[in-house]
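Contents: one structure, followed by commentary.
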Amino acid sequence: MTISEIRAALLEVSLVKELPRHMRRRMAMIFLWTTESRMVEAGEHVYEQGAQDENGGSILVSGTVEIAKAGCEAEVVSAPEVLGEIQQFMPNRERTATVKSLEGGCILTFSWQDLADAAAEVFTPGECEILRALITQMAWGRCAELFDQQVSRVAGAQDAG
């Protein structure tokens, strides 16, 4: 992928699109500054459920992945999308799901700490708080979806039994 294609994909990431308009291009630039790109092959695992990871996140900029959590229905996600945000809010820093590439694609990997440091240099304190709140909202929204799936699965098993 060219840098222009990556930048265009970054501007379509939900985290960036949900920021106030005046912050979007700067956020895309922060991602460009703090990430490393790598190609993934079909079938390659990006993250493994239960693996320890202190600080890593990624952005799927092309391709499709499957996000699977034990006991839940797998979710298929297409680019562009942020991956690995829930783990930042887990006390043991464990990956909460396995993410597997379904087709070849490109991901940008980054350190959440590097992202926060760069954001602090570029954004005002108020803008940093907007970003922090949005990341938190996004992570807890995904947690709620996983929880709802588990509740549905348990309720379905009880109804069947």
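The values are calculated or read from the model by the stated rules, or taken from the named source; none is laboratory data. Keep in mind it's a predicted model, so treat the numbers as computed, not measured. Glycine also receives a Cβ, built like all others from the backbone with ideal geometry; neighbour counts cover every protein chain displayed.
Numbers for the structure displayed
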{"quantity": "Meets criteria (among the hydrophobic types (A, V, I, L, M, F, W, C), in contact with a Pro (Cβ under 9 Å, 6 or more places away or on another chain) and either under 24 Å from ALA97 (Cα atoms) or surrounded by fewer than 17 Cβ atoms within 10 Å (Cβ to Cβ) (or both)) for VAL46", "calculated": "no"}
{"quantity": "Test: ARG24 is touching a helix residue (DSSP H, G or I) at 6+ places or on another chain (Cβ under 9 Å) and basic (Lys, Arg)", "calculated": "yes"}
{"quantity": "Members of region 1-52 found to be under 20 Å from GLU66 (Cβ atoms), without any contact (Cβ under 8 Å) to a residue 60 or more places away in the chain and hydrophobic (A, V, I, L, M, F, W, C), listed by number", "calculated": "ALA51"}
{"quantity": "First in region 115-133 and outside any helix (DSSP H, G or I) and of a type outside the set (A, V, I, L, M), second anywhere and at pLDDT below 95 and surrounded by 13 or more Cβ atoms within 10 Å (Cβ to Cβ), Cβ under 7 Å, 6 or more apart", "calculated": "PHE123/LEU131"}
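Okay, residues lined up against (1) surrounded by fewer than 19 Cβ atoms within 10 Å (Cβ to Cβ); (2) under 12 Å from GLN49 (Cβ atoms); (3) at pLDDT 85 or above; (4) under 12 Å from the mean Cα position of the chain (by Cα):
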position: GLU73; (1), (2), (3), (4): yes, no, no, no
position: VAL77; (1), (2), (3), (4): yes, no, yes, yes
position: MET90; (1), (2), (3), (4): yes, yes, no, no
position: GLU94; (1), (2), (3), (4): yes, yes, no, no
position: THR98; (1), (2), (3), (4): no, yes, yes, no
position: SER101; (1), (2), (3), (4): no, no, yes, no
position: THR109; (1), (2), (3), (4): yes, no, yes, yes
position: LEU115; (1), (2), (3), (4): no, no, yes, no
